[in-house]
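The following block contains the structure, expressed as structure tokens.
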Amino acid sequence: MIQATSLAELDGMQHRFFTRHGGVSSGLYSSLNCGYGSADPPENVRENRRRVAAQFDRAEPDLLTVHQIHSTDVLTVGDDRWTSPGAPKADGLVTDRPDVVLGVLAADCAPVLLADPSAGVIGAAHAGWRGALAGVVDATIVAMERLGARRDRLKAAVGPCIGGRSYEVGPEFPAPFLAQDPANAAFFRDAPRAGHFLFDLAGYLVHRIGLAGVAATATGHDTLAAGHDFFSYRRNTLQGERDYGRGLSAIALRR
């Protein structure tokens, strides 16, 4: 598992960016696959999620994830609970409750964890390129503010995701980013394939979060390149596989 220095130094909360190691799944899903959306037997996924929750001294039902849809929808977790599969659709979670663990799933998309320990407020967001561009992290920050968080106290960490040297995109891809801000050209460079580009998703997110007034860092791990340690949708697709495991990143307030 991986911790971001910017979050590890904060009091009153704990977080983990989990690798693919330490679970019970096999084959494509080896071994800590936490996604019910895969074809991995549900009992394996449930046990893997139980192991994740145990890292926070919680039970598996206390680990809340959502049915991610590449949106900017954010849920505020109070007394409500749900089970997976069957979770509500959203791409962000926030809470001020110490009895739950907020989790996001990813396999190349970026998990973003946020905390304001002074306010006792945490958040987690799933940011693929669509959600990142649309502002899912911005929406998560706003939801945290409603619970009493302040941007000048917030810390954010972008976890393992497809890296800037691996994320090849087509000729049409940069246009909406450049329309948003011409300065976003800094997150693209020419790919070896003519007319294509390499996109730095983590770099864009750190920049975008900074524009929102929140200090952010990235762990710097490339999920596509580091196949031994991380699940990757694109890597499996390039290898002709039809399914893939989902890695989990999580954050919780200390009780």
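Just one of (1) out of contact with any Asp or Glu (no Cβ under 6 Å at 6 or more places or on another chain); (2) at negative phi; (3) touching a residue at least 60 places away in the same chain (Cβ under 8 Å); (4) surrounded by fewer than 21 Cβ atoms within 10 Å (Cβ to Cβ) trips up Gln239, so point out which.
Failing condition for Gln239: (3).
Could you please give the count of residues in the stretch 18-27 that are without any contact (Cβ under 8 Å) to a residue 40 or more places away in the chain and either part of a strand (DSSP E or B) or among the hydroxyl-bearing types (Ser, Thr, Tyr) (or both)?
Within the stretch 18-27, residues that are without any contact (Cβ under 8 Å) to a residue 40 or more places away in the chain and either part of a strand (DSSP E or B) or among the hydroxyl-bearing types (Ser, Thr, Tyr) (or both) number 1.
Which residues, taken from the stretch 93-120, are of a type in the set (D, E, K, R) and closer than 24 Å to Cys161 by Cβ?
Asp108, Asp116
Mind listing just one residue for me: the one in the stretch 35-54 that is among the small types (Gly, Ala, Ser) and in a loop (DSSP other than H, G, I, E, B) and, of those, farthest from Arg255 (Cα to Cα)?
Applying the filter and picking the extreme gives Ala39.
Another question, then. Tally time: how many residues in the stretch 3-17 are touching a Gly at 6+ places or on another chain (Cβ under 7 Å) and part of a strand (DSSP E or B)?
Of the residues in the stretch 3-17, 1 are touching a Gly at 6+ places or on another chain (Cβ under 7 Å) and part of a strand (DSSP E or B).
Looking only at the stretch 55-86, which residues are more than 16 Å from the chain's Cα centre (by Cα) and not in a loop (DSSP other than H, G, I, E, B)?
Matches in the stretch 55-86: Glu60, Pro61, Asp62, Thr76, Val77.
Would you mind stating whether Val121 is in contact (Cβ under 8 Å) with a residue 60 or more places away in the chain and either on the phi > 0 side of the Ramachandran plot or crowded, with 20+ Cβ neighbours inside 10 Å (or both)?
no
All but one of (1) within 28 Å of Glu60 (Cβ to Cβ); (2) surrounded by fewer than 20 Cβ atoms within 10 Å (Cβ to Cβ); (3) of a type outside the set (Phe, Trp, Tyr); (4) in contact (Cβ under 8 Å) with a residue 60 or more places away in the chain hold for Gly247; which doesn't?
Exception for Gly247: condition (2).
Throughout, read-outs are computed from the coordinates displayed, never taken from laboratory work. Just so it is clear, the model here is predicted, and its values are computed rather than measured. Here the Cβ is made from the backbone with ideal geometry for all residues, glycine too, and neighbour counts use every protein chain on show.
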